[in-house]
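Student: Sharing a structure here in structure tokens format.
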Amino acid sequence: MKTTDKRIKECTYCEETFRDNTRPNNKKTCSSRCANEVKKVRQRKEYRIDNPKKPTQREIYYYDHLEYPFWLDERIGDNQEWKIAVPHRPNKVDYIIGVRQVEELNGGRKRRQETLTYNGDEVGSSRTQVHFVEHNREPGEVTSYKMTPEELKEYLASKKVDKV
Ligand SMILES: [Zn+2]
């Protein structure tokens, strides 16, 4: 709505249209409440000029522009990560430690076991296919040698020479 009335204005804070009834016609806000808010915004801006925002620990110590994100200080990194990765409750941690100790006693994590009767290539319920190696070959012929102590000594001596 356009108007030529210079007393009809838009509040700089809430953007509501209002009529300025002051004699100098210099109001910028519709109400003392809006005027107060504008004043607060201005004061905050002025305060920031003398008191610049302190950088957060993340801004100081965290390097996320590197190939791998990196905390300059490990202790601060751990403190910060706590907010992201919430640790287990202590009793849950005790439970996990307990299970690990039992697994250690049993020589590793227990996996499901089953016995298959071998009739060829069996397929177990775990869908693991077992192929058995064919082993109908006869062992090779064994050759044995007999040496006299002198021959043995000579043989070992020749081996020693080969090494050097
Ligand atoms: Zn207003």
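The values are calculated or read from the model by the stated rules, or taken from the named source; none is laboratory data. The shown structure was predicted, so the numbers you read here are calculated from the model rather than taken from an experiment. Methodologically, a virtual Cβ is constructed for each residue, glycine included, from the backbone with ideal geometry; neighbour enumeration extends over all protein chains shown. All accessible areas refer to the heavy atoms of the entire protein, side chains included, with ligands and DNA or RNA removed. Shrake-Rupley method; radii C 1.70, N 1.55, O 1.52, S 1.80 Å.
Student: Among the residues of region 1-29 satisfying the criterion of being over 20 Å from Arg42 (Cα atoms) and outside any loop (DSSP other than H, G, I, E, B), which is nearest to the ligand (Cβ to nearest atom)?
Tutor: This residue is Phe18.
Student: Another question, if that's okay. Evaluate the following for Glu59: is it more than 16 Å from the ligand (Cβ to nearest atom), open to solvent by 100 Å² or more (accessible area, probe 1.4 Å) and in a loop (DSSP other than H, G, I, E, B)?
Tutor: Taking the combined requirement at face value, the residue does not satisfy it.
Rundown of residues vs (1) assigned to a helix (DSSP H, G or I); (2) at pLDDT below 80; (3) among the aromatic types (Phe, Trp, Tyr), yes/no style:
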| residue | (1), (2), (3) |
| --- | --- |
| Tyr68 | no, yes, yes |
| Ile96 | yes, no, no |
| Asn119 | no, yes, no |
| Ser126 | no, yes, no |
| Phe132 | no, yes, yes |
| Gly140 | no, no, no |
| Ala157 | yes, no, no |
| Lys160 | yes, yes, no |
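Student: Would you check if Glu37 is within 10 Å of the ligand (Cβ to nearest atom) and open to solvent by 90 Å² or more (accessible area, probe 1.4 Å)? I'd like the intermediate steps shown before the answer.
Tutor: Details: within 10 Å of the ligand (Cβ to nearest atom): yes; open to solvent by 90 Å² or more (accessible area, probe 1.4 Å): no.
Answer is no for this residue.
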